[in-house]
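Please treat every number below as a calculation from the coordinates, not as lab data. Note that this is a predicted model, so its numbers are computed, not measured. When we count neighbours, we look across all protein chains shown, and the Cβ atoms used for this are built from the backbone with ideal geometry, even at glycine.
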Amino acid sequence: MGIKKIVIIFALGISTLTAGCNTGLLNGTETPATNQPQAPSAPLVVDGVRTSYADVVERTSPAVVRIEAEQKQRSRATSQGPADDFFRQFQMPQQERRPQIERGVGSGVIVSADGSILTNHHVVDGAEKIKVLMSDNKSYDAKIVGTDQPSDLAVLKIEATNLPFLTLGNSDAVRVGDIVLAIGNPLGIGQTVTAGIISAKGRRTGLSDGSFEDFLQTDAPINRGNSGGALVNLAGELIGVNSQILSGGGGGGNIGIAFSIPSNMAKSVMEQLIKDGKVRRGMLGINIQNVTDELAKSLDMEQRSGVIVSNVRAGSAAEKAGLKRNDLIVAINGEKIDDSNVLRNKVASSTPGTEIKISVMREGKQVDLTATLDEFKLDSDAPGTEPGNENAPGPQKESGKLGLGLEPVTPQSARQLGLGSDAEGMVVTEVDEGGPAAEAGIARGDVIIEINRKPVNAIADVRAALEGTSDRPILLLVNRRGQTSYVTVRPE
C-alpha cells in the first residue's frame, strides 16, 4: 500500500459517457423538457431518520471549485517514495519541437465572498497559469496568494464578488463517528459528493513534509482529483481540506481510507498566507518520540506517559532552556502531553519568540523550564542516504546480535548523509534482511550514536556495549538524515 496525493491527471483523448442516457426522442421528435412533470422533493427525515443530505449539498457544493494548473515542462527528480500523480507530461511528436505543457487538475474551496480559495500546495506547486471553474461553469484566472509545503496548503485569489463560500468549522470538536460529506472533482468526471464518517483523528502519513500533520481520517469515498476539495459536516461547515488517500495496488483508487487537513490548521495557515504570504512556526530544536513499553523498559522508566527527548540541537531554544536528552516532556503550558505529534503541532502553532512553559520528568523528579521559541526553517536540501568513502576500511560485522555491517562516521560520509561535520557514531553499511535490526526498521545510511546508552565510535565500542545483553531489548540511538530517535531491537 502507498499513500498518494489525490490529483487527477489529464490524459490525451476524450470519451463520452452515454450509457443509460434518455434521449427524449419520440417518433423522431424531441420531447421538450418543460413538458416533463417535476418529481416532488424527497423528505429529509422519515420516522426520525435522515434520508437525504440534499439540503447540505445545495448549500455547500456551489463553493467547491475545479482547479486547472498549467506550467511549461520541468525536469522532475526521481522519487523513492510513493508516486506523485500531480503532473504528467504530454509528449508532442518529435518533429514539432513545441514547448511541452504539463497540466494537473484538482479541487478548491471558496472561503470568502470576494474570491479567496483554499486548496492543496501540491495542486498548484510550480504552476504558471491557474484557472478556476465554478459549479455553474463560469471560469476565472487565479493568482497564488501563498503556499505552505509543510501543511500542503495554498491560498488562491480570483477577482469576483458575492461568491458562495463555506464557513470554517471547529475541527477540534469533530468526533470519530460523525457523518461527513466529501465534495470535489474526482477523476475529472465533474463535481461529485460522497458520504462517510470520521474514522480517526490526529493521523500522520509522512508523505508531506511530515512535520505538521494532524489529519482527519474518513471513509467517505475520495479519489484522485479530490485534492483541495471540501470535507463538510451536516451543518454545512468546512471541517477539512481533502489531501491524501491510502490506496491498494497500483491503481490509486479509493479503499475507504482518506485524509483531510483539519479546518483549524487550515484557518491558521490561511490567515498567515493572506496577511504575510508565508507561515511562521515556532521551534524548540529537539527530536522527540512516543514512549513504548519496550523503550520505557530499556530506559528504566517508571512513568510511561509523555514524550521523550532523543536529541537536543546545539544552540537551540531547547538547549538554552535546559532541556536534555532522555527528558520526558509531560506538559506544555500546563496542558498534559502524551503524543509527539500533538507536541510538535502545539509548538509549531506558536509564533517564534513566544515563551512556553515545559514540564519534564528527569530522574524521577519534575523539572519546570521556560523556552523562547526559535523560528522553524524548511530545509530544502535533501541529503543522500548512502555513505561512501573509497579509502575507508570495509564494513565490519558486529557480534551478530544485530545483523549489521558498521563503520565509523567520517567527514565525507557525514557530508553525504547531510550531517554536521562533528557527527559521530557508526554508519550502517549492510543490513541482514533476516536480522533483528532489519525487523526493527534499521536501514543502510542510518547512524547509530549509542547502544544501550553508551556512545559508539568504533566496532570495539559496539561489541562492548552489547556484552551481557540477554533477553532485554537492545536500545539504539539512531540518527537518520539529521533526525534522532530511539529504536529498540530484540536480539536473536
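Ordered by the number of other Cβ atoms lying within 10 Å of each residue's own Cβ, fewest first, LYS138, LYS201 fall into the sequence LYS138, LYS201. A Stokes-Einstein calculation at 4 °C with viscosity 1.567 mPa s, built on the Kirkwood radius of the range 282-375 over Cα pairs, returns a diffusion coefficient of 100 µm²/s.
In terms of the mean number of neighbouring beta-carbon atoms within 10 Å, the peptides 273-283, 292-302 order highest first as 273-283, 292-302. Once R0 is set to 60 Å, what does the formula 1/(1 + (r/R0)^6) return for the Cβ-Cβ distance between LYS297 and THR167, expressed as a FRET efficiency to the nearest 0.05? Between LYS297 and THR167 the formula returns 0.80. Put one equal scatterer on each alpha carbon of the range 140-233, apply the Debye formula with no solvent term, and list log10 I(q)/I(0) at q = 0.15, 0.21, 0.22 1/Å to two decimals. The calculated log intensity ratios at q = 0.15, 0.21, 0.22 Å⁻¹ are -0.74, -1.34, -1.40. The GluC sites (Glu not before Pro) of the range 435-487 meeting both criteria, a DSSP state outside H, G, I, E and B (loop) and at most 16 other C-beta atoms within 10 angstrom of the site's C-beta, are GLU467. In a simple Cβ point-charge model (Lys, Arg +1; Asp, Glu -1; nothing else charged), the range 171-276 has a dipole of about 160 debye relative to its Cα centre.
Across the range 476-483, computed HN-Hα scalar couplings (Karplus, 6.51 cos²θ - 1.76 cosθ + 1.60, θ = phi - 60°) run 10, 9, 10, 9, 10, 6, x, 9 Hz from first to last residue, x flagging Gly and Pro.
Within a straight-line Cα-Cα reach of under 16 Å, LYS278 can be paired with the following lysines, leaving aside sequence neighbours fewer than 8 residues apart in one chain: LYS143, LYS157, LYS267, LYS377. Along the range 104-119 the Karplus relation, 6.51 cos²θ - 1.76 cosθ + 1.60 evaluated at θ = phi - 60°, assigns HN-Hα couplings of x, 10, x, 10, x, 10, 6, 10, 8, 5, 9, x, 7, 10, 8, 8 Hz to successive residues, with x for each Gly and Pro. Restricting attention to the range 282-375, the count of lysine pairs at 8 or more positions apart or across chains with alpha carbons under 22 Å apart stands at 14. Whole-Hz Karplus values for the range 326-338 come out as 6, 4, 10, 6, 10, 7, 10, 6, x, 9, 4, 10, 10 Hz, taken residue by residue from phi with 6.51 cos²θ - 1.76 cosθ + 1.60 and θ = phi - 60°; glycine and proline positions read x. In terms of packing, defined here as the mean over residues of other Cβ atoms within 10 angstrom, the peptides 318-328, 222-232, 456-466 line up highest first as 222-232, 318-328, 456-466.
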